[in-house]
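The values are calculated or read from the model by the stated rules, or taken from the named source; none is laboratory data. Small disclaimer: the values here were computed from a predicted structure and weren't measured. Note that we place each Cβ from the backbone using ideal geometry, even for glycine, and neighbour counts take in every protein chain shown. Ligands, DNA and RNA are stripped out before the accessible areas are found, and what is left, the full protein with its side chains, is counted by its heavy atoms. Shrake-Rupley method; radii C 1.70, N 1.55, O 1.52, S 1.80 Å.
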Amino acid sequence: MIRLGVLLSGSGTNLQAILDALEAGVLDASVELVVSSRPDAYGLKRAEAAGIPTLALTRKSYDDPVAADEHIARALKQAGVDYVVMAGYMRRVRAPLLAAFPQRIVNIHPALLPSFVGAHAIADAFAYGVKLTGVTVHLANEDYDKGPIIAQRAVVIEEGDTLETLEQKIHSIEHVLYPEVLQLLAQGRVSIGNDGRVAIR
Ligand code: GRF
(Lines give C-alpha, C1' and ligand atoms only; values in the text may rest on other atoms or scores of the structure.)
Protein backbone atom coordinates (compact mmCIF):
# COMPACT_ATOMS: atom_id res chain seq x y z
CA MET A 1 0.00 0.00 0.00
CA ILE A 2 1.53 3.30 -1.06
CA ARG A 3 0.22 6.81 -0.66
CA LEU A 4 0.29 8.85 -3.83
CA GLY A 5 0.30 12.55 -4.56
CA VAL A 6 -0.67 13.40 -8.13
CA LEU A 7 0.58 16.49 -9.96
CA LEU A 8 -1.35 17.64 -13.02
CA SER A 9 -2.09 20.64 -15.18
CA GLY A 10 -4.93 19.57 -17.42
CA SER A 11 -7.74 17.17 -18.08
CA GLY A 12 -6.52 14.49 -15.69
CA THR A 13 -7.47 11.40 -17.66
CA ASN A 14 -4.42 9.65 -16.20
CA LEU A 15 -5.56 10.62 -12.69
CA GLN A 16 -8.93 9.14 -13.59
CA ALA A 17 -7.32 5.90 -14.76
CA ILE A 18 -5.50 5.70 -11.40
CA LEU A 19 -8.73 6.36 -9.49
CA ASP A 20 -10.51 3.72 -11.56
CA ALA A 21 -7.74 1.19 -10.81
CA LEU A 22 -8.10 1.94 -7.07
CA GLU A 23 -11.84 1.47 -7.33
CA ALA A 24 -11.36 -1.79 -9.23
CA GLY A 25 -9.02 -3.06 -6.51
CA VAL A 26 -6.07 -3.59 -8.87
CA LEU A 27 -3.85 -0.91 -7.35
CA ASP A 28 -2.80 -1.12 -3.69
CA ALA A 29 -2.53 2.60 -3.13
CA SER A 30 -4.40 5.72 -2.14
CA VAL A 31 -4.34 9.21 -3.58
CA GLU A 32 -3.82 11.62 -0.70
CA LEU A 33 -3.48 14.91 -2.56
CA VAL A 34 -3.89 16.25 -6.09
CA VAL A 35 -1.83 19.32 -6.96
CA SER A 36 -2.59 21.36 -10.05
CA SER A 37 -0.36 24.00 -11.60
CA ARG A 38 -3.53 25.67 -12.91
CA PRO A 39 -6.68 26.56 -10.99
CA ASP A 40 -8.94 25.69 -13.95
CA ALA A 41 -7.56 22.19 -14.65
CA TYR A 42 -10.39 19.69 -15.13
CA GLY A 43 -8.32 17.17 -13.18
CA LEU A 44 -9.16 19.13 -10.01
CA LYS A 45 -12.85 18.38 -10.60
CA ARG A 46 -12.08 14.68 -10.91
CA ALA A 47 -10.19 14.82 -7.59
CA GLU A 48 -13.03 16.66 -5.88
CA ALA A 49 -15.56 14.18 -7.23
CA ALA A 50 -13.49 11.42 -5.64
CA GLY A 51 -13.26 13.32 -2.33
CA ILE A 52 -9.51 13.87 -2.62
CA PRO A 53 -7.96 17.04 -1.14
CA THR A 54 -6.53 19.42 -3.74
CA LEU A 55 -3.99 22.19 -3.93
CA ALA A 56 -4.32 24.54 -6.89
CA LEU A 57 -1.49 26.85 -7.79
CA THR A 58 -1.58 29.78 -10.16
CA ARG A 59 0.79 31.01 -12.81
CA LYS A 60 1.81 33.70 -10.33
CA SER A 61 2.86 31.08 -7.76
CA TYR A 62 5.54 29.94 -10.20
CA ASP A 63 7.16 33.39 -10.47
CA ASP A 64 9.58 31.78 -8.06
CA PRO A 65 9.53 28.13 -9.22
CA VAL A 66 11.78 26.95 -6.39
CA ALA A 67 9.50 28.50 -3.75
CA ALA A 68 6.51 26.94 -5.54
CA ASP A 69 8.14 23.51 -5.29
CA GLU A 70 8.95 24.08 -1.62
CA HIS A 71 5.27 24.78 -1.06
CA ILE A 72 4.22 21.68 -3.02
CA ALA A 73 6.78 19.45 -1.26
CA ARG A 74 5.53 20.63 2.13
CA ALA A 75 1.90 19.95 1.21
CA LEU A 76 2.75 16.48 -0.13
CA LYS A 77 4.71 15.63 3.02
CA GLN A 78 1.90 16.88 5.24
CA ALA A 79 -0.49 14.65 3.31
CA GLY A 80 1.77 11.68 4.07
CA VAL A 81 2.62 11.00 0.44
CA ASP A 82 5.18 8.26 -0.40
CA TYR A 83 5.31 8.66 -4.20
CA VAL A 84 4.68 11.66 -6.41
CA VAL A 85 2.94 10.89 -9.69
CA MET A 86 3.25 13.43 -12.49
CA ALA A 87 0.22 13.04 -14.72
CA GLY A 88 0.23 15.73 -17.37
CA TYR A 89 2.04 18.18 -15.11
CA MET A 90 3.42 20.83 -17.41
CA ARG A 91 6.06 22.16 -15.03
CA ARG A 92 9.57 21.02 -14.40
CA VAL A 93 10.13 19.67 -10.89
CA ARG A 94 12.84 21.56 -9.03
CA ALA A 95 15.37 20.72 -6.34
CA PRO A 96 13.06 21.05 -3.30
CA LEU A 97 10.63 18.44 -4.65
CA LEU A 98 13.36 16.13 -5.93
CA ALA A 99 15.13 16.31 -2.57
CA ALA A 100 11.93 15.67 -0.61
CA PHE A 101 11.09 12.57 -2.71
CA PRO A 102 14.39 11.10 -3.95
CA GLN A 103 13.77 8.47 -6.67
CA ARG A 104 10.10 8.71 -5.77
CA ILE A 105 8.73 10.99 -8.45
CA VAL A 106 7.38 9.27 -11.55
CA ASN A 107 6.34 10.80 -14.85
CA ILE A 108 4.50 9.52 -17.90
CA HIS A 109 5.64 10.68 -21.31
CA PRO A 110 3.69 10.05 -24.54
CA ALA A 111 6.63 8.80 -26.64
CA LEU A 112 9.39 6.22 -26.46
CA LEU A 113 12.12 8.16 -24.65
CA PRO A 114 14.78 9.24 -25.43
CA SER A 115 12.93 10.06 -28.66
CA PHE A 116 10.60 13.05 -28.78
CA VAL A 117 11.19 14.78 -25.50
CA GLY A 118 9.22 17.91 -24.68
CA ALA A 119 5.64 19.03 -24.48
CA HIS A 120 4.47 18.02 -27.99
CA ALA A 121 5.75 14.48 -28.21
CA ILE A 122 2.76 12.89 -29.94
CA ALA A 123 2.57 15.56 -32.63
CA ASP A 124 6.35 15.56 -33.06
CA ALA A 125 6.44 11.78 -33.57
CA PHE A 126 3.53 11.94 -36.00
CA ALA A 127 5.08 14.81 -37.97
CA TYR A 128 8.44 13.01 -38.13
CA GLY A 129 6.78 10.01 -39.74
CA VAL A 130 8.03 7.33 -37.36
CA LYS A 131 6.16 4.04 -37.68
CA LEU A 132 6.50 3.14 -34.04
CA THR A 133 6.09 5.34 -31.00
CA GLY A 134 4.67 4.69 -27.55
CA VAL A 135 4.56 5.56 -23.90
CA THR A 136 7.31 5.80 -21.27
CA VAL A 137 7.02 5.83 -17.49
CA HIS A 138 10.21 7.06 -15.85
CA LEU A 139 11.61 8.55 -12.68
CA ALA A 140 11.90 12.31 -12.76
CA ASN A 141 15.23 13.97 -12.11
CA GLU A 142 16.78 17.37 -12.81
CA ASP A 143 17.20 16.42 -16.48
CA TYR A 144 13.82 16.93 -18.11
CA ASP A 145 12.45 13.69 -19.66
CA LYS A 146 15.78 11.95 -18.99
CA GLY A 147 15.30 10.07 -15.71
CA PRO A 148 15.68 6.29 -15.42
CA ILE A 149 13.06 4.40 -17.43
CA ILE A 150 10.73 2.08 -15.53
CA ALA A 151 8.52 0.83 -18.36
CA GLN A 152 7.70 1.44 -21.99
CA ARG A 153 4.97 0.26 -24.30
CA ALA A 154 4.94 0.55 -28.06
CA VAL A 155 2.22 1.97 -30.28
CA VAL A 156 2.31 1.28 -34.02
CA ILE A 157 1.48 4.17 -36.33
CA GLU A 158 -0.52 2.63 -39.14
CA GLU A 159 -1.51 3.85 -42.60
CA GLY A 160 -4.59 5.94 -42.13
CA ASP A 161 -3.74 7.06 -38.61
CA THR A 162 -4.24 10.75 -38.04
CA LEU A 163 -2.82 12.82 -35.21
CA GLU A 164 -6.19 12.38 -33.49
CA THR A 165 -6.28 8.59 -33.79
CA LEU A 166 -2.66 8.40 -32.67
CA GLU A 167 -3.45 10.54 -29.62
CA GLN A 168 -6.31 8.20 -28.76
CA LYS A 169 -4.09 5.14 -29.06
CA ILE A 170 -1.37 6.70 -26.91
CA HIS A 171 -3.78 7.80 -24.22
CA SER A 172 -5.48 4.43 -24.00
CA ILE A 173 -2.08 2.76 -23.52
CA GLU A 174 -1.17 5.36 -20.87
CA HIS A 175 -4.32 4.60 -18.93
CA VAL A 176 -3.35 0.92 -18.70
CA LEU A 177 0.40 1.31 -18.24
CA TYR A 178 0.46 3.96 -15.51
CA PRO A 179 -1.68 2.04 -12.97
CA GLU A 180 0.33 -1.11 -13.76
CA VAL A 181 3.62 0.63 -13.02
CA LEU A 182 2.23 2.16 -9.83
CA GLN A 183 1.21 -1.31 -8.72
CA LEU A 184 4.80 -2.50 -9.29
CA LEU A 185 5.93 0.34 -7.02
CA ALA A 186 3.27 -0.58 -4.47
CA GLN A 187 4.57 -4.15 -4.48
CA GLY A 188 8.14 -2.91 -3.94
CA ARG A 189 9.25 -4.55 -7.17
CA VAL A 190 11.08 -1.56 -8.64
CA SER A 191 14.68 -0.84 -7.69
CA ILE A 192 17.50 1.25 -9.07
CA GLY A 193 20.89 -0.33 -9.56
CA ASN A 194 24.30 1.23 -9.07
CA ASP A 195 24.36 1.74 -12.84
CA GLY A 196 21.36 4.06 -12.47
CA ARG A 197 19.08 1.68 -14.34
CA VAL A 198 15.74 0.44 -13.11
CA ALA A 199 15.30 -3.25 -12.42
CA ILE A 200 11.92 -4.91 -11.94
CA ARG A 201 11.64 -8.21 -10.19
C1 GRF B 1 -0.52 12.65 -21.20
O2 GRF B 1 -0.44 12.40 -22.59
C3 GRF B 1 0.84 12.50 -20.58
O4 GRF B 1 1.64 11.56 -21.21
C5 GRF B 1 1.42 13.87 -20.80
O6 GRF B 1 0.35 14.75 -20.61
C7 GRF B 1 -0.87 14.09 -20.92
C8 GRF B 1 -1.79 14.23 -19.73
O9 GRF B 1 -3.10 13.92 -20.00
N10 GRF B 1 2.54 14.08 -19.91
P11 GRF B 1 -4.17 13.89 -18.84
O12 GRF B 1 -4.19 15.26 -18.16
O13 GRF B 1 -3.82 12.79 -17.88
O14 GRF B 1 -5.49 13.65 -19.51
### Task
Being touching a residue at least 40 places away in the same chain (Cβ under 8 Å), in contact with a Ser or Thr (Cβ under 7 Å, 6 or more places away or on another chain) and polar (S, T, N, Q) narrows it down to one of Gln152, Gln183, Gln187, so name that one.
Gln152
### Query
What number of residues within the range 155-198 are out of contact with any Pro (no Cβ under 7 Å at 6 or more places or on another chain), open to solvent by less than 60 Å² (accessible area, probe 1.4 Å) and not charged (D, E, K, R)?
21
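Please indicate, with yes or no, whether at least one residue in the range 7-16 is of a type in the set (S, T, N, Q) and away from the ligand (no atom under 16 Å from the Cβ).
Within the range 7-16, none of the residues are of a type in the set (S, T, N, Q) and away from the ligand (no atom under 16 Å from the Cβ).
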### From the options Ser36, Ser30, residue that is polar (S, T, N, Q), surrounded by 20 or more Cβ atoms within 10 Å (Cβ to Cβ) and at pLDDT 95 or above
Ser36
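State whether the residues of the range 33-41 include one that is more than 16 Å from the ligand (Cβ to nearest atom) and over 13 Å from Ala140 (Cβ atoms). Explain how you work it out, then say what you get.
Our first condition is that a residue be more than 16 Å from the ligand (Cβ to nearest atom); within the range 33-41, this holds for 33.
Next, from what is left, pick out any that are over 13 Å from Ala140 (Cβ atoms): 33.
Yes, the range 33-41 contains a residue that is more than 16 Å from the ligand (Cβ to nearest atom) and over 13 Å from Ala140 (Cβ atoms).
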### Query
Just one of the numbered conditions (1) more than 21 Å from Ser172 (Cα to Cα); (2) more than 15 Å from the ligand (Cβ to nearest atom); (3) open to solvent by less than 20 Å² (accessible area, probe 1.4 Å); (4) touching a residue at least 40 places away in the same chain (Cβ under 8 Å) is not true of Tyr83; which one?
(3)
